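Reading through the structure tokens given below for one structure.
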Amino acid sequence: MWSLLNSKTFKTLSTTPCLWRRAVTTQSLIYRKFGQPINELQIIEEDVPNPIDKQVLIKILRAPVNPMDVDIIQGSVFIVPLLERNFFEISFLGIHPFKPKILPAIGGGAFVGEVVKVGELVIDLNEGDLVIPLRMHVGSWTKYKLAEEDEVYKIPEFSDLKEAATIGVNTCAAYRLLKGFVNLRPGDSIIQNGANGFVGQTIHKLCKLWGIKSLGVIRDRPNAGVLKLAIERLGATVVLTDKEIDTTDVYKTNCLQKPKLALNCTGGEMAESIARHLDKRGIMVTYAGVSGKPFKISALPSLILNEQIFTGFWITKWVEENLGSPHQVRMMNELIRLLQANKLETPPVEIIPFDDFKEVFATRDGSCKRFMLDMTADEDDK
């Protein structure tokens, strides 16, 4: 377990220690087969044993519902590159590359929680500490869970729960996309589609903090003007619709350099569009394909003449390969500093009581609206 903090115990949410002399009964949101979450998810009760050795027992406080959580419940993915004449075509089949090894499985992949009991060999964590997971897809839609000490990261005791719960997946993904491929300096430019998504909005926020110019592209819609202004207030230098991006001289108008980095989460025509704006020797990173549509890259101008690079990124794979590494520790430390300084405000999230989870999946309509489960709502009512 790594942290900037000392071992000061957080008492505000702590539960009476004598309660934890016996196993805890938890409620978990599980699925027994793949399908639509509203049909497959159900709440079950089960016992969670006391932690042993280097385990900690965590009371989950907040757990976000991320798009990848929904995708995992729905099924799996294959990403297949095809070479077609003078084009390199990338196709997206299915939904998401992670699949639980065993079913039933607990849904969710991120959380913020309170340590309520520690094993006898735990060194750096105490009862009452607030923690977030260092791994992905940990099964977070549950009220209590066991974890190894080195699988969680201690955060400041005064952290905003909503902000903290989103760091482990979305914010880390945004950070790595900006830091992992191009050495961006203040004044450099990036372009991205899906600018209104959770990761996209976080990317714009980080770009503003780091002095990087960011050009966001969204799908044209009736309220596009309102959405563009909201994203620009968050940190984007300029936001254009997919109909405007190829007809606007955005670089002269906004004094932007050609982007060194393009970030693609949609696929389809919007991916092709941002690729056309990429600078010579620029890099385009695909980290999702929410449209499910392939996109083509012209081999001659893009790959040969302009020496551009097209690659992919999966935050889950990066985390597993870098668990406990200096890269991960440095990332978490920097993000926590931003959290402490109140510079890491996340996009709007609607908080739903755990017992009302069906409301989340009944209202998901493909919009950028995000939800978070409150595991303590029933306690507040008592």
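Points worth noting:
- A 1.4 Å probe run over the protein chains yields, for the stretch 170-317, 43 Å² of accessible area per residue, whole-number rounding.
- For the stretch 170-317, convex hull volume per residue from C-alpha positions, Å³: 106
- In terms of the mean number of neighbouring beta-carbon atoms within 10 Å, the peptides 31-43, 184-196 order highest first as 184-196, 31-43.
- Relative contact order, whole percent, for the stretch 170-317 stands at 22, derived from Cα pairs under 8 Å and 6 or more residues apart.
- All aspartates and glutamates inside 15 Å of residue 228 as judged from Cα atoms, apart from same-chain residues fewer than 8 positions distant: 220, 242, 244
- A simple spin-label model places pseudo-atoms 7 Å from Cα toward Cβ; at residue 276 and residue 299 they are separated by 2.2 nm.
- Label-to-label distance, nm, for residues given as residue 320 and residue 44 (7 Å Cα→Cβ offset): 2.3
- Applying the criteria of a DSSP loop state and at most 12 other Cβ atoms within 10 Å to the chymotrypsin sites (Phe, Trp or Tyr not before Pro) of the stretch 134-203 yields 158.
- For the stretch 170-317, carbon and sulfur atoms together expose 53% of the accessible surface, with a 1.4 angstrom probe and every protein chain in place.
- Karplus (6.51, -1.76, 1.60) ³J(HN,Hα), θ = phi - 60°, over the stretch 62-72, in Hz, Gly and Pro reported as x: 9, 9, x, 9, 8, x, 5, 4, 5, 4, 5
The values are calculated or read from the model by the stated rules, or taken from the named source; none is laboratory data. This structure is a prediction, so every number in the text was calculated from the model and none was measured. Ideal geometry is used to build each Cβ from the backbone, glycine not excepted, and the neighbour counts take in all protein chains shown. We work out accessible area using only protein heavy atoms, side chains counted, and drop any ligands, DNA or RNA first. Shrake-Rupley method; radii C 1.70, N 1.55, O 1.52, S 1.80 Å.
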